[in-house]
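What follows is calculated from the coordinates using simple rules that are stated; it is not laboratory data. What you are looking at is a predicted structure, and each value in this text was computed from that prediction instead of being measured. Don't worry about glycine lacking a Cβ; one is built from the backbone with ideal geometry, like all the others, and counts go over all protein chains shown.
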Amino acid sequence: MLRYVKPAVIFALTFLVFIFFYGVVALPFSIERISDLKPILYGYENDPPENVYVMVDAKSGYTLYAYWAYWANHRKAEYEPFAVIYNPEGKIYAFITREHWEWRVKFTGIIQENNRVIVYFLAETHTPFNTYPPPNTTLIYYTPIITTAQPEPVDWWSLAGLSAKPSEALKNAVFYSMLTAIMSITLLYPEKIWRLIT
């Protein structure tokens, strides 16, 4: 039984370092912050979304909140996507939306209040815009529903120009976890290592 303790320690340390550098450790904290960072939504009084879903992802210090506003009975059921990406310092890095099937990304001039983006849903089409709402709109009160599956696949990281950052996170995760494994083996099996090198 004791002979499995050292390998288990090596594996646990290596695994923890890997998930730390890849960004998995940040996910629980990012999910906890949804209520503090959820967008401020505006729409028309008789036309709020039935639900708003959110998928959270974190890589290389960046955190993604991908939202899907859902209307069940508007000619047909429809989802309107938008996303907010926060940088490693916790500030808004990008706002992504889709306007008539064209993706738009804002890096500057993002309308926000207290680090929360403002989103206005256009009448009829429900297109989400990052702009101050017209006077005849109302604030939408909602609780985002956490999901791990999006209604359609979207590569948010590429849209924000961060596709290299997640791969950088993977490279760092592999490098530092392997370094941890080597150091752990060296510390836990010094006699065997000494025999190998002499």
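Some points to look at:
- Counting only whole DSSP H helices of the chain, the ones at least 18 Å long by C-alpha along their axis and with mean Kyte-Doolittle hydropathy no lower than -0.5 are 5-22, 164-188.
- For semi-axes √(5λ) of the Cα gyration tensor in Å, computed directly from the structure shown, the correct entry in (1) 45, 16, 14; (2) 29, 21, 17; (3) 32, 20, 15 is (1).
- Fewest neighbouring Cβ atoms within 10 Å first, the residues Phe107, Phe129 line up as Phe107, Phe129.
- Length available on full extension from Ile19 to His100: 0.36 nm per residue minus the Cα-Cα distance, which gives 25.4 nm.
- Protection-proxy order for peptides 186-196, 85-95, each taking the mean of Cβ atoms within 10 Å per residue, highest first: 85-95, 186-196
- A crude spin-label estimate for the pair Lys91 and Val174, with each label 7 Å from Cα along the Cβ direction, gives 3.3 nm.
- Region 55-167 - Rg (one decimal) and Dmax (whole number), Cα, Å: 14.2, 45
- Length gained when the stretch Leu139-Lys6 is fully extended (0.36 nm per residue, less Cα-Cα span): 42.2 nm
- Cα convex hull of region 15-107, projected area averaged across orientations, nm²: 7.4 nm²
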